[in-house]
Every structure is written in structure tokens, then in C-alpha cells.
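Report on one structure; see the data block that follows.
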Amino acid sequence: MPAITAVRGRLVYNSRGSPTIEVDITTDDRHTGRAAAPSGASVGIHETASFPEGGVAASLQILNDNAGRISGADPGDVGAMHKVIREIDPEPGYPKMGGSLAFALSIAAAESAAKSAGKPLYRFLGEQAPLASASSASSASPAERYRFPFPLGNILGGGAHAGPGTPDMQEILICATGSDTVQDAIRTNLEVHSELRGVLQKLDPGFSGGKGDEGGWAPKLDNERALQAAAKACENLGFTLGREVSLGVDFASSTQWDASRSRYVYDRAGFENDPGEQIEFASDLISRFKLIYAEDAVHEEAFEDMAQIRARFPDVLVTGDDLTVTNAAILEKAARGGSCNAAILKVNQAGGLYDALEFAAAGARNGIRLVTSHRSGESTESHISHIGIATGSKMLKVGVVGGERVAKLNELLRIAESQDGTEHDLIQGMAEL
Ligand code: 2PG
Ligand code: MG
């Protein structure tokens, strides 16, 4: 059993250039884990706040004040690390330390322990209590459970991730649903992203090639024309939507929702929807563009409206993000009401790793498909590639291009290469969607 002998934190910057916290954990057998917290631009009202008042400096102070408590802890048990973190900050939502410190501390500890055990991180995580019990409940051995999630990538960005003139909708996403291998799925997403640039340039010769926060193109187009351009790029490559590739949309509808007027305001496109019209608007796009994936098609508290969309489209991943905020109790509520059949897992929405594993277990219990996801402000690390595999996620939402996005995709390629056919390392192909 390894023990933590050193913990160190520092201020670093994320892909948006915003300050964040990075933590190093070293074990007595000299393995170091390192993690830096990401951050979102479209943030759910129920998600954990990244930092306490005082920002990164306040979180670093808490870390330094509690270094003695962390030293000696066992990083090999995510639940035990969670207890240590909870001793420091017992309140829900980590108001004292901030979710970012809970994230960095718990993931750095897990990485140090996985290295100490000589295991890939996905396998270390898959053996941890909340996930191991979820898998024994479904009587699958770990080797049977591991599959590659389909990479889901932002090819065209708008909303909170891009400037004026871009679509109100936050993300148009590509997923190579027909791919048999993760290598092919990554390559296909890259081809579509690249082809789309040409399509956009034809539509607007003045298109500069500008991109949003996650590497998706950020053209001056409304929602409809942006989706048409994405469909055209797929078609130009000889793909049929719903076969080799499928499109998805993160509507991020809370960004448009004006609670005081009970309306969704699409100010860039120049229209408004009442809640009923929003359901029809989203349903129409799902049908016409054969979307495989529709995230936050209504605002974050519209559980019943989401249930209507879910009921209409049983074969589409009707996904909660701001709706479910990686919170196991909220996911249970969404599952009871039939609000979604899929949910985003972002560790920092919950705070620590253990919270996120409990969320994953709640997803497994309720038959909710998981989509492990990056944030728009990311680190260059690749822990989420492992978290996606360990949690049995169907998709890994990590973007298509940009160093901090490609880091996650390249890690999937390395994991694929390390498959040597032994019982424990065998990942059995792509997830079943
Ligand atoms: C989302 C995410 C990631 P952000 O809404 O799903 O794509 O964006 O990190 O800005 O919340
Ligand atoms: Mg989202």
C-alpha cells in the first residue's frame, strides 16, 4: 500500500489562458501524479464552483495548510482519499477549497497510485469501489467491461464558446459512429473538421479560419446554415449521416434561457422560443439532421421538457449536462422522470474523482449512457481518456483539434497500442452506442 509523502500545488494556466491550480502528489515509492483543473464557460447553476473567494491563491493556501493531513494518506483507495478531502472541506460543493482543488488533488493521487501499482489509470479506476460494484452488479468481468468510447468532437462552435455572429447553439459535434476502431474514429473526425473549413470558405470567402474555445470553426452563420455546412462536409467525404458518421449538437440551452420571460432568446439568429416551441425546434433539428446526440436541448431545470424529447427519440443520446451536473442525486431524479438516456460526466462539475465515480455508478444502475467530457478551458493532460474507458462511457467528448484536445485523443491511441491481449489489458473494441 503506497503512502503519500509529498504534496505540492502551484498556479498554472488553462487553454483559455485563465489561472488554475495544479497539484503534484508523490508516494513513498517515488511515483508522482500530477493534475491541473479545467474550467467551463457555460457553467450549470448546480455545479461545484471552481474556487473559493480569493481564487487560486486561496485554494493553494488551503492545500499548504493541510499538507500534513494529506501526507501519509493512501492514494490507492479513491474512497480513502475522498475522506481526507472531506475532512478538509466537509460542506457540499467544496466551498472552502473549491472544486478545482478537489479535482486536482484526487486525480493526482489516483495517478500516483496507478503508477505505483504499475497499472494503466483506466484499470486502476475500474477496480475502485463505486465502479467495481457497478460492474459486479452487471456480472461483467473488468476485461469484458472495457471498451473504447467513441470520440465526439466539436467541429463548429458558437454560443458561449465563440464571438458575435456565430451560431447561438454552442457546439456542432461529429462522431464517427460507423468506425470499428478508435484509430479510424479519430481520423474520420479530423477529416470532417478539415473538410468543413473548405465548405465554410466557399460559403464566405472572408472566413478567416477562426476557431472557438474548443477548436471548432467559428463562422458567421446562423444555427441552420451552420448545421447545413456540417452536413455538407460529411457528404463531400462520401459519408451518409447516421451511417459512417453522425452529427450531434450541444444546445447549451441555459445560455439562451431568460427565466424572467420564460423564453429562449436566440439573439444572434433573431428569434425566441417559448418552452413548447423549444421542444419543437430541437426535435426538428434532431430529425432533419439525423442527430445521434442532443445535449441540453432545453434549460437546466426543464426536466419534464427533456423527458418529452427523450420519449420522442429513443435512439438518440438525449443527454444532460447542465441538467445533471455530474451529481448522482440529480441523475437519479432525471432517471426517475425519464428526462435523459445519457449524461455528461465532468469530474470538476462534481468536484472530486470519488464523486464522479459515484455518478458513473448511478448512471450504470439507471441504464443512463455516460459521456465523459472535457471543459472548454482545458489542461494538456489526458486523464479523461482513462476515466472515459474506466466508467464504460459510450462517448468521449474531447474536441477534434487543438493541443489540449489532441492530447486526449493521442492518449487513446497509446492505450490502443498497449493492448497486448492479456486478460487485464484487453479493451474489447468500440462501445455499443
Ligand atoms: C459543455 C462544455 C464542454 P464548458 O457545455 O458541454 O463542451 O463546455 O466547459 O464551457 O461548460
Ligand atoms: Mg454542455
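For the chain, the longest principal axis of the C-alpha atoms and the axis of helix 99-117 are separated by about 60°. Amide H to amide H distances under 5 Å link residue 342 with 318, 320, 369, where only residues 5 or more positions off or on other chains count and H is placed in the peptide plane. Note on the chain: with charges restricted to the Cβ of Lys and Arg (+1) and Asp and Glu (-1), its dipole about the Cα centre is near 500 debye. Packing order of peptides 31-39, 150-158, highest average first: 150-158, 31-39 (average count of other Cβ atoms within 10 Å over each peptide's residues).
A 1.4 Å probe over all protein chains sorts 365, 86, 197 by accessible area into 365, 197, 86, starting with the largest.
Annotation for segment 290-342 versus segment 1-16: alpha-carbon center distance of 35 Å. Residue ranking by accessible heavy-atom surface, 1.4 Å probe, largest first, among 260, 100, 15 comes out as 260, 15, 100. Between 350, 319, 362, the Cα set farthest toward the positive side of the dipole of segment 272-390 (charges on each charged residue's Cβ, about the Cα centre) is that of 362.
Here the calculated FRET efficiency for residue 58 and residue 258, from their Cβ-Cβ distance with R0 = 35 Å, stands at 0.60, rounded to the nearest 0.05.
Within the chain, all pairs of alpha-carbon atoms sorted by distance into 10 Å bins from zero give the percentages 5, 23, 33, 26, 11, 2, 0. The figure for residue 20 is an accessible area of roughly 10 square angstrom, using a 1.4 Å probe on the protein chains alone. Atom-type composition of the exposed protein surface of the chain places 48 percent of the accessible area on carbon and sulfur (1.4 angstrom probe).
Round to the nearest 0.05 the FRET efficiency obtained for residue 225 and residue 277 when R0 = 22 Å and r is the Cβ-Cβ distance. For R0 = 22 Å, the calculated efficiency reads 0.65. Comparing 266, 117, 88 along the charge dipole axis of the chain, the residue lying farthest to the positive side is 117, per the Cβ-charge model.
Distances between every pair of Cα atoms in segment 193-346, grouped in 10 Å steps from 0 to the bin holding the largest one, split as 10, 37, 35, 16, 2 percent.
Computed across segment 1-140, the Kirkwood hydrodynamic radius from all distinct Cα-Cα pairs reaches 15.5 Å. Solvent-accessible area of residue 7, all protein chains in place: 30 Å² (probe radius 1.4 Å, heavy atoms, ligands and nucleic acids excluded). For the residues 51, 303, a 1.4 Å probe over the protein chains yields an accessible-area ranking, largest first, of 51, 303. Between residue 96 and residue 132, the C-beta separation translates, for a Förster distance of 25 Å, into a calculated FRET efficiency of about 0.25. Only protein heavy atoms count here; under a 1.4 Å probe, residue 123 has an accessible surface of about 50 Å². Pairs of Lys residues in the chain are counted when their Cα atoms are under 20 angstrom apart and they lie 8 or more places apart or on different chains; the count is 20.
For segment 306-399, the Cβ-based charge dipole about the Cα centre amounts to some 340 debye (Lys, Arg positive; Asp, Glu negative; other atoms uncharged).
The values are calculated or read from the model by the stated rules, or taken from the named source; none is laboratory data. What you see is a predicted model; the values in this text were computed from it and never measured. FYI the Cβ positions are ideal-geometry reconstructions off the backbone, even for glycines, and counts take in every protein chain you see. SASA here: full protein model, heavy atoms, side chains in, ligands and nucleic acids out. Shrake-Rupley method; radii C 1.70, N 1.55, O 1.52, S 1.80 Å.
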